[in-house]
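As structure tokens, the structure follows; a few thoughts come after it.
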Amino acid sequence: PNEKFEEGIHYIITGGEPLLMFQSVYPALFEEISKRKMDFRYLTFETNGTKPISPVLRDYLNSTNIETTFSVSSKLPSSGEPWNKAIIPSAVASYTEIHNRNIYFKWVCSSEDDWADVERAIETYAAAGLKFPVYLMPAGGERELYDKNKVWLADLCCKKGLRFSPR
């Protein structure tokens with residue numbers, strides 16, 4: 001067991017894009033959660049990194065001891081999302097305004113083309129001063145495809161010093 005998560009409640013906000021709407025209601029929601037669960041200390045936003053954090057949510061999180069993690073999984077061109085709508089360093093930069101925070105990138109790869117796009121994304125974010133840990137996950141809706149992707153991707157992670165996530 002992970003001792004960190006035994007120290008307090010960890011909420012994960014995901015589904016669609018959690019920073020797209022409702023940021024203004026999160027402080028009231030977190031206050032209500034805190035009233036009921038006094039040990040609420042960890043919060044993760046699973047975001048695509050296209051929406052900045054709002055000033056209201058930023059100020060609220062900075063006024064608490066909640067450790068906030070941003071798991072940034074931007075869409076790659078193979079998903080059909082245009083690059084200029086998927087890779088937005090200014091949005092990710094806004095997450096650095098949270099004092100007690102962690103940020104990491106997470107990309108799903110199914111091909112060498114995806115890896116080339118990940119490298120380009122890493123370089124784009126780094127040029128904006130955003131250097132965070134990188135996790136790569138193999139794509140695969142079917143077991144055979146997943147098994148094929150996990151082998152080459154795990155090898156690539158070892159060679160490049162990146163983190164591999166089996167999903």
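Legend: translational diffusion of region 118-167 by Stokes-Einstein, Rh = Kirkwood radius over C-alpha pairs, 25 °C, 0.890 mPa s; D = 209 µm²/s.
Starting from 0.36 nm per residue, how many nanometres of slack lie between Arg36 and Ala127 once their C-alpha separation is accounted for?
Values: separation 91, 0.36 × 91 = 32.76 nm, distance 4.28 nm.
Length gained, Arg36 through Ala127: 28.5 nm.
Close amide-amide hydrogen proximity is noted between Arg41 and Ile9, each under 5 Å apart and 5 or more residues distant or on a separate chain (H modeled in the peptide plane; Pro and chain starts excluded). In the calculated pair-distance distribution of region 1-116, the portion above 17 angstrom amounts to 58 percent of the Cα-Cα pairs.
With 21 Å as the limit, the listed pairs Lys85/Lys106; Lys85/Lys159; Lys35/Lys106; Lys131/Lys160; Lys85/Lys150; Lys51/Lys106 have Lys85/Lys159; Lys35/Lys106; Lys85/Lys150 beyond it between alpha carbons. Ranked by solvent-accessible area (1.4 Å probe, protein heavy atoms only, all chains present), the residues Ile98, Ile33, Ile12 order from largest to smallest as Ile12, Ile33, Ile98.
Rank by packing, highest mean first: peptides 79-85, 114-120, with packing defined as the count of other Cβ atoms within 10 Å averaged across residues.
Details: 79-85: 11.1, 114-120: 17.1.
Order by mean packing, descending: 114-120, 79-85.
Shape descriptor for region 72-167: Rg over Rh equals 0.98 (Cα atoms; Rh from the Kirkwood inverse mean 1/r). The distance between label points at Tyr11 and Phe164 comes to 3.6 nm (points 7 Å beyond Cα on the Cα→Cβ vector).
Determine the shape class of region 93-142: with a ≥ b ≥ c the square roots of the Cα gyration tensor eigenvalues, call it rounded for a/c under 1.5, and otherwise prolate if a/b is greater than b/c, oblate otherwise. In terms of gyration-tensor shape, oblate. Potential lengthening of the chain between Asn84 and Tyr146 amounts to 19.5 nm, from the contour at 0.36 nm per residue minus the alpha-carbon distance.
At 1.4 Å probe size, with no ligands or nucleic acids counted, give the accessible surface of Leu156 in Å², nearest ten. Using a 1.4 Å probe on the heavy atoms, I get roughly 20 Å². So, in Å, what gap is there between the alpha-carbon centers of region 78-115 and region 122-137? Taking the Cα centre of each part, region 78-115 and region 122-137 sit 8 Å apart.
The values are calculated or read from the model by the stated rules, or taken from the named source; none is laboratory data. Because the structure is predicted, anything quoted here is derived from the model rather than measured. Reconstructed Cβ throughout: ideal geometry from the backbone, glycine too, with neighbour counts over all protein chains shown. Accessible surface areas use protein heavy atoms only, side chains included; no ligands, DNA or RNA. Shrake-Rupley method; radii C 1.70, N 1.55, O 1.52, S 1.80 Å.
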